[in-house]
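Chemist: Okay, here's the structure, questions in a sec.
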Amino acid sequence: MMTRIKVTQVKSQIGRLQNQKRTLEALGLRKMNQTVEHEATPSIIGMVNTIKHLVSVTEI
């Protein structure tokens, strides 16, 4: 079974690059301190790495 990760937005998307805003939206993050769960697939890991300075990640 694939591991699951919990992604929480900890910094604002205001003033960020367009691709970073779109990545947050694609992960389902719209507000500060919002948390979503995802399977730890290579595509999700890549998206998280793109915005690693805006989110905190924990394994479930």
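Chemist: Give the range 15-55 a look and list any residue that's under 14 Å from Arg4 (Cα atoms) and among the hydroxyl-bearing types (Ser, Thr, Tyr), or say none.
Modeler: Thr35, Thr41, Ser43
Chemist: Looking at this structure, is His53 at negative phi, of a type outside the set (D, E, K, R), part of a loop (DSSP other than H, G, I, E, B) and within 11 Å of the chain's Cα centre (by Cα)?
Modeler: For His53, the condition - at negative phi, of a type outside the set (D, E, K, R), part of a loop (DSSP other than H, G, I, E, B) and within 11 Å of the chain's Cα centre (by Cα) - is met.
Chemist: Looking at the structure I just gave you, is Val48 assigned to a strand (DSSP E or B) and without any contact (Cβ under 8 Å) to a residue 60 or more places away in the chain?
Modeler: Against the criterion (assigned to a strand (DSSP E or B) and without any contact (Cβ under 8 Å) to a residue 60 or more places away in the chain), Val48 does not qualify.
Chemist: Taking the range 1-19 only, how many residues are surrounded by 15 or more Cβ atoms within 10 Å (Cβ to Cβ) and either of a type in the set (D, E, K, R) or part of a helix (DSSP H, G or I) (or both)?
Modeler: The total comes to 1.
Chemist: Within the range 20-38, track down each residue that is surrounded by 12 or more Cβ atoms within 10 Å (Cβ to Cβ) and of a type in the set (D, E, K, R).
Modeler: Listed by number, the residues that qualify are Lys21, Arg22.
Throughout, read-outs are computed from the coordinates displayed, never taken from laboratory work. This is a predicted model, so every value here is computed, not measured. When we count neighbours, we look across all protein chains shown, and the Cβ atoms used for this are built from the backbone with ideal geometry, even at glycine.
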